Amino acid sequence: MLRRLLLPFRQRRRYSSSSSSATVPLYAPTFAVFGANTGVGKTLVSAGLAAALLSSRSPSVSAVSYLKPLQTGYPADSDARFVFSRTPAQLRASSSSSPRATRLVASCRTLFPSPAVGAEAEPLREIQESVVSYGGHGAAEETKVLSCRTAYAWRQPVSPHLAAEREGMAAGDNEVRGCVEQWLLEEGLAEGGEVWKVLETAGGVASPGASGVLQCDLYRPFRLPAILVGDGRLGGISSTLSAYETLLLRGYDVSAVILEDRGLSNDKFLLSFLRNRVHVLALPQIPEDPLDDLTDWFSESSSVFIVLKDALQSFHLNRNERLNSMQRKSKDLLWWPFTQHNLVPQDSVTVIDSRCGENFSAYKIKDSKMMLVPQFDACASWWTQGPDSNLQIELARDMGYAAARYGHVMFPENVHEPALHSAEILLGGVGKGWASRVYYSDNGSTAIEIALKMAFRKFSLDHGILADSETSIKKERNIQLKVLALNGSYHGDTLGAMEAQAPSAYTSFLQQPWYSGRGLFLDPPTVYIKSEMYNLSLPQSMLHDPQTYGDTCFSSQAEVFCKSRDKSSAADLYLSYINQQLSEFSISSNSEYLAALIIEPVIQGAGGMLMIDPLFQRILVSECKSRKIPVIFDEVFTGFWRLGVESASELLGCSPDIACYAKLMTGGIIPLAATLATEEVFESFRSDSKLTALLHGHSYTAHPMGCAAALKAIQWYRDPSTNLNLDANHMKLKELWDNALVKQLSSLPNVKRVVSIGTLCAIELKAEGLDSGYASLYASSLVQQLRKEDDIYVRPLGNVIYLMCGPCTPRDSCSRQLLKVHRRISDFNRAH
């Protein structure tokens, strides 16, 4: 009976390597006990809370499950055994106040004791059991359960990372997290009433786990509400506040602070300092006599533990109520971008509780139970996200430091370290070999507007267009500067950026009545994978004889990017087409000039994840430079390893005059953009008149938090010790998407094309008419299956489904997501 109720772990499991994934049930109130230091009484709080819960009538608690994931000093010291023995003793001692006769079934077990524990380990692997009756008279009216468990235990009373090393028993982060997740998901512990779960950490908030990872980071994927056991000793205010702020910095919710009262009024100061943001409770001073069995102390503390229990219950109910109401409130209050609200049912709104690395923690109802479920962010939150869980913490720390040091400071004629250092690393990275200046702004679209102003000024100077006197001002105003760009391009949502892109759904009269499309837009050739081969697709506007343009199929991506193609018949075709288009424009336009080339190098993002033939773009850049037309690379999407290299210019084999960066630049944690330019472009704005300066900026230009985040993220991506995907010998990312699986996808009959490069894998489904294009709802059912059943958050571009990871995402995680997509598209094929 006991074994059936307690459902112990029977064997060691192999856990997923996805370190930022964790499912957390919300129907069982669950809290993590952290300490401001070691020896502050975490286990006393766990035992006191367990007793308060098991004696509670409101709520009616039927079971308490306690887990100590890491234990040292074992078996002489066992926190689980203490809770196992002291909780029943408290219940017996207070049984006179309980009107109902109750039977408590208690158990204690250690799952993985270190070999150093020796012969003592075997009996400890077995479940220690006890049955205690308390309260009322006569036969027990109800049965309650106390399950106490230790996951990993070492003999030496030292930090877990030292014990693991010295005793030769490692406990990897994923194994520890796997134990915790399995414990969280356990059911059947008791029948009726609430089941509460309490996880007790080891040492202090920032004490190392068995691998050396800090425990506040080790358990962060679960983001369990924290009970912080403070320090009542002299100096304890400092250590408690440090622990509190460490938890907040990592995104934990601290539900209560509880500490021993040693007559120093630490609790009163903390309550005042924290301004009632959190409950602060004081316990009686703990007896120092080691022979004291603490019966009197627990009795004296019982009222405090009841208050703690009530505070936690209130926290749990309020949290669930907030999460449960967010779908409804969002539909009533929010106006989402790029979203037709009529097409979004309330139950399809994704409620995001938090983020850890590549995953959302999404609120869901599964089998009528409230859960927080890890959901892979397959659109990288509009292509911004790069951090794994470790970088996310580093970014939060560095941004917090910058905010505390600078707040925000005005930028013109000023300098601060984050802006200067991030400029240096930008020029030494994506701008290496061509750029000499960095112009900061706030987002990609603004960076494009700045780039256009730069290019137009440089072109005007180079071609003698700028007025030399008052008499030529009228002539100036009749001149129109336009851009040379590609059909399918997208450069942002602001009015100027939209003028620099070809007509599309984004620029229609419904969206932008002022749009005129100030440019010449060429039809680009594209490359895609179909039936396991790389295929070249030429636009109809390129008049050609099939015998003259050479190969249209390639066996590998390397062949597509090979510079030897520069002397191919395809190169001749492209050159002829480009020259013809430029000549026709110059003949038909007397006062119009193509004053800038703007392209998204290699991949057009919002246009449908199209891969443009790099040979075409390389020739286009070369022709523009020969005509002194400034070249702008829009790398807002493609920059910072999105395509497997730091800058897409490395793939093209040519450099721009101006380039725009954003999104991944800061790890996606905060908006910031930068427009890089050559010294020649910068010089075109220099004079003795302020009116010739670049009069563009916003109030938060080069804000220190953004610059600090950029500095950290860029360094993190390019360091092979932090980015394990980086091939340091070639300074490019290793292949992230399983090549065999990509080829299988490309061979499915309902797949039109696949593009796989760097962190991107895009799949266009075959569709006709209204089922294709940006407005298509063709893949709606597939999208909902992936979101709701496969826990992949996809946001398609019409009938184009894409997966996007970060530069640091483990390859096996990419493979798992791609396998799910392959399975769904295969089923979708049969259904359609």
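The values are calculated or read from the model by the stated rules, or taken from the named source; none is laboratory data. It should be emphasised that the depicted structure is a prediction, and the values quoted were computed from it without experimental measurement. Positions of Cβ are generated from backbone atoms using ideal geometry, with glycine treated the same way; all protein chains shown enter the neighbour counts. Protein only, heavy atoms only, side chains kept; ligands, DNA and RNA dropped before computing areas. Shrake-Rupley method; radii C 1.70, N 1.55, O 1.52, S 1.80 Å.
Restricting the search to the stretch 737-749, which residues are open to solvent by 30 Å² or more (accessible area, probe 1.4 Å), touching a residue at least 40 places away in the same chain (Cβ under 8 Å) and not charged (D, E, K, R)?
If we filter the stretch 737-749 for residues that are open to solvent by 30 Å² or more (accessible area, probe 1.4 Å), which is where we start, we get 738-740, 743-744, 747, 749.
Narrowing further to those that are touching a residue at least 40 places away in the same chain (Cβ under 8 Å): 738, 743-744, 747, 749.
The answer is Q744, S747, P749.
Please determine whether any residue of the stretch 731-738 is closer than 26 Å to L452 by Cβ and assigned to a loop (DSSP other than H, G, I, E, B).
Within the stretch 731-738, not a single residue is closer than 26 Å to L452 by Cβ and assigned to a loop (DSSP other than H, G, I, E, B).
Let me spell it out: the conditions are (1) in contact (Cβ under 8 Å) with a residue 60 or more places away in the chain; (2) open to solvent by less than 10 Å² (accessible area, probe 1.4 Å); (3) part of a strand (DSSP E or B); (4) of a type outside the set (S, T, N, Q), and V195 meets all of them except one. Which number is the exception?
Condition not satisfied by V195: (2).
Just to be sure, is V794 surrounded by 23 or more Cβ atoms within 10 Å (Cβ to Cβ) and closer than 18 Å to H341 by Cα?
On the way: surrounded by 23 or more Cβ atoms within 10 Å (Cβ to Cβ): yes; closer than 18 Å to H341 by Cα: yes.
Yes; evaluated as a whole, the condition is true for this residue.
Pull out all pairs, ordered by first then second residue, where Cβ-Cβ is under 6 Å, the residues are six or more apart or on different chains, the first lies in the stretch 63-78 and is at negative phi, and the second is acidic (D, E).
Listed pairs, sorted by first residue: K68/D79; K68/E200; P75/E120.
Name the residues in the stretch 797-832 that are farther than 26 Å from V351 by Cβ, open to solvent by less than 60 Å² (accessible area, probe 1.4 Å) and of a type in the set (G, A, S), would you?
Those that are farther than 26 Å from V351 by Cβ, open to solvent by less than 60 Å² (accessible area, probe 1.4 Å) and of a type in the set (G, A, S): S815, S826.
Residues that are hydroxyl-bearing (S, T, Y): find the strands (runs of 3 or more DSSP E) completely inside the stretch 487-548 holding 2 or more of those.
In the stretch 487-548, the matching strands (runs of 3 or more DSSP E) lie at 526-530, 533-537.
Of the residues in the stretch 401-415, how many are farther than 23 Å from E683 by Cβ and surrounded by fewer than 19 Cβ atoms within 10 Å (Cβ to Cβ)?
Summing the residues that are farther than 23 Å from E683 by Cβ and surrounded by fewer than 19 Cβ atoms within 10 Å (Cβ to Cβ) in the stretch 401-415 gives 9.
Contact list please: Cβ distance under 8 Å, first residue in the stretch 163-178 and on the phi > 0 side of the Ramachandran plot, second residue modelled with pLDDT under 95 and open to solvent by 30 Å² or more (accessible area, probe 1.4 Å), pairs at least six apart or on different chains.
G168/P115; G168/A116
Pairs please, first residue from the stretch 141-160 and within 12 Å of D79 (Cβ to Cβ), second anywhere and open to solvent by less than 30 Å² (accessible area, probe 1.4 Å) and among the basic types (K, R), Cβ atoms under 9 Å, 6+ apart in sequence or on different chains.
C148/K68; R149/K68; T150/K68; A151/K68; A153/K68
Determine if the stretch 600-612 includes at least one residue that is among the charged types (D, E, K, R), out of contact with any Leu (no Cβ under 7 Å at 6 or more places or on another chain) and within 24 Å of D493 (Cα to Cα).
Within the stretch 600-612, one or more residues are among the charged types (D, E, K, R), out of contact with any Leu (no Cβ under 7 Å at 6 or more places or on another chain) and within 24 Å of D493 (Cα to Cα).
Let's see how each residue does on (1) of a type in the set (A, V, I, L, M, F, W, C); (2) surrounded by 23 or more Cβ atoms within 10 Å (Cβ to Cβ):
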residue	(1), (2)
I598	yes, yes
Q604	no, yes
I612	yes, yes
V621	yes, yes
R627	no, no
C654	yes, no
L664	yes, yes
P671	no, no
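Within the stretch 446-459, does at least one residue satisfy the condition of being in a loop (DSSP other than H, G, I, E, B) and of a type in the set (A, V, I, L, M)?
There is no residue in the stretch 446-459 that is in a loop (DSSP other than H, G, I, E, B) and of a type in the set (A, V, I, L, M).
Show me the helices (runs of 4 or more DSSP H) found entirely inside the stretch 224-342 where at least 1 residues are open to solvent by 80 Å² or more (accessible area, probe 1.4 Å) and touching a residue at least 12 places away in the same chain (Cβ under 8 Å). Step through it out loud before you land on a result.
Details: elements: 236-249, 266-273, 295-333.
Correct list: 266-273, 295-333.
Report yes if S531 is more than 30 Å from S591 (Cβ to Cβ) and more than 34 Å from the chain's Cα centre (by Cα), otherwise no. Steps first, please.
Working: more than 30 Å from S591 (Cβ to Cβ): yes; more than 34 Å from the chain's Cα centre (by Cα): no.
The answer is no for S531.
Look through K734, K752, K766 and report the one residue that is farther than 30 Å from P671 by Cβ, surrounded by fewer than 23 Cβ atoms within 10 Å (Cβ to Cβ) and in contact with an Asp or Glu (Cβ under 7 Å, 6 or more places away or on another chain).
One residue alone meets the criteria, K752.
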